[in-house]
1. SER95 is checked against (1) open to solvent by 10 Å² or more (accessible area, probe 1.4 Å); (2) under 25 Å from ALA406 (Cβ atoms) and fails just one. What number does that condition carry?
2. Taking the condition assigned to a loop (DSSP other than H, G, I, E, B) and of a type outside the set (S, T, N, Q), does VAL70 pass?
3. Looking at region 133-159 only, could you name the residues that are under 14 Å from ASP169 (Cα atoms), surrounded by fewer than 19 Cβ atoms within 10 Å (Cβ to Cβ) and among the aliphatic types (A, V, I, L, M)?
4. Exactly one of these conditions fails for ALA267: (1) among the aliphatic types (A, V, I, L, M); (2) surrounded by fewer than 14 Cβ atoms within 10 Å (Cβ to Cβ); (3) within 14 Å of the ligand (Cβ to nearest atom). Give me its number.
5. Do we have ALA406 as of a type in the set (A, V, I, L, M), open to solvent by 10 Å² or more (accessible area, probe 1.4 Å) and either assigned by TED's automatic domain parsing to the domain that holds LYS104 or more than 16 Å from the ligand (Cβ to nearest atom) (or both) here?
6. Give, as residue ranges, the helices (runs of 4 or more DSSP H) completely inside region 1-65 that count at least 2 residues that are hydroxyl-bearing (Ser, Thr, Tyr) and modelled with pLDDT of 95 or more.
7. So TYR214 fits all but one of (1) crowded, with 23+ Cβ neighbours inside 10 Å; (2) away from the ligand (no atom under 15 Å from the Cβ); (3) of a type in the set (Ser, Thr, Tyr); what number is the exception?
8. Can you name the number of the only condition in (1) open to solvent by 20 Å² or more (accessible area, probe 1.4 Å); (2) polar (S, T, N, Q); (3) under 21 Å from MET101 (Cα atoms) that ASN66 fails?
Amino acid sequence: MDVNPEQRLLPEYVTPTYRMAVEQFEAVAERLSLDPNLRERLVVPRRALIVAVPVRMDDGHVQVFNGYRVHHDNTLGPSKGGLRFHPDVNLGEVSALAMWMTWKCALMGLPFGGAKGGVRCDPVRMSRNEIQKMTRRYTSEIAPFIGPEVDIPAPDIGTNAQTMAWMMDTYSHLKGHAVPGVVTGKPTLIGGSAGRVEATGRGVVYCIMEALRYLKRPHGGLRVAIQGFGNVGANVARFLHEEGFRVIAVSDVHGGTYNANGLDIPALARHVAAPEIVGTFKGGEPIGNDALLTLPCDLLIPAALSGQITEENARRISCAILAEAANGPTTPAADRILRERGIFIIPDVLANAGGVVVSYFEWVQDLQHFFWKEQEIYEKLRQIMGEAFMAVLSLSLSEAIEMRTAALMLAIRKISDAKLARGLFP
Ligand code: NAD
């Protein structure tokens, strides 16, 4: 089997992030002795749509953005995955994120395939009006590619509940009636689910609690460093702070803040809501993103971009547990180093799956037009996260492999069995 993706994929796909996803997949496929035909099919996305998104900017000129929506797989159901607005978005990154969504949904037992979308833009430099027009035009361009039975977007970096509301509204206008089930992560007023905004952060914390129970470590006062203070990072910080952990450092794209005694997270959240950047917080000292990653701590939580822990800094990472709240934060080379050093890794497909689990609940509620209470959502989320964690941990112990390989083995085996059961059309 040729493991060089350049020779098997269109060159447009082959970016560093896609190479990472393929390298992880190939290693697990090898270990599972996966049918070579399935290897060929799963290494490449099923469909990829590239759209031009013209927007009249506030100064009157028209700017054309590149937009993408990739369906990696839809064997188990409609594909599911976030929408990212970020300057680094490209086809390879979106495709890697879509592949990871396939594994994540399969691991969590959800009836979804994997997808991802993105627009290459810098939302920090755009007005609300420009972002709204870009979101609506992008939605209309990908409309034939999405829908409650086809593919269901959700928030990711640079997008939020408001973005989902604009997408839902645009799609509903095209259909002539309200279609809440076309996106998840929307406001509750228009069919969103209780608890969706905090779901990813909550899921990360459930996994951390399971890991500490297994490692027999009491959690009071444990030191935590978090890269990224957006939806996921800020909620993880909030919940860990409430549970008595000591969050000593957090950051955003501009840099971070550090306090060895523990940051006042509610005060930091108010500071950021002002709005202010994390680095100007008075309750801590400024710290750079690189320095944050290598701070001595008990728990390191990357909650921003992929490819942050690399061969270059992996030897200097100084934590006991790495909980991957972001997608793909650790390169395969760094992964090998961390493994040798005995760092316990909760891999992204497990750690950050709380978001897609509650997105699944939202989709079910929308289809049934019947909504659940917040308490019910959290109980079901905790149960699903706990069961998935234990399934991954027990395979990892019985096969003497690390958690990432165990998680991907469970997911890839499930998809490959389902593909074999369905057969190849025609
Ligand atoms: P967000 O846009 O709300 O926040 C992103 C944060 O990362 C911001 O604080 C931003 O300033 C920071 N950031 C951006 N570039 C950075 C850089 N170069 N260095 C350091 N920090 C940087 O996004 P989010 O929804 O919180 O997503 C964060 C991560 O979690 C992403 O990897 C995403 O794919 C993953 N994720 C999100 C969800 C979800 O439900 N939102 C679910 C699963 C996984």
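The values are calculated or read from the model by the stated rules, or taken from the named source; none is laboratory data. All of these numbers come straight from a predicted model, not from anything done at the bench. No Cβ is skipped: glycine too gets one built from the backbone with ideal geometry, and neighbour counts run over all protein chains shown. Side chains are part of the model used for accessible areas, which takes the heavy atoms of the whole protein and leaves out ligands, DNA and RNA. Shrake-Rupley method; radii C 1.70, N 1.55, O 1.52, S 1.80 Å.
1. The failed condition is (1).
2. Answer is no for this residue.
3. Passing the criteria: only ALA143.
4. Single failed check for ALA267: (3).
5. no
6. Passing ranges, in order: 16-32.
7. Every condition holds for TYR214 apart from (1).
8. (3)
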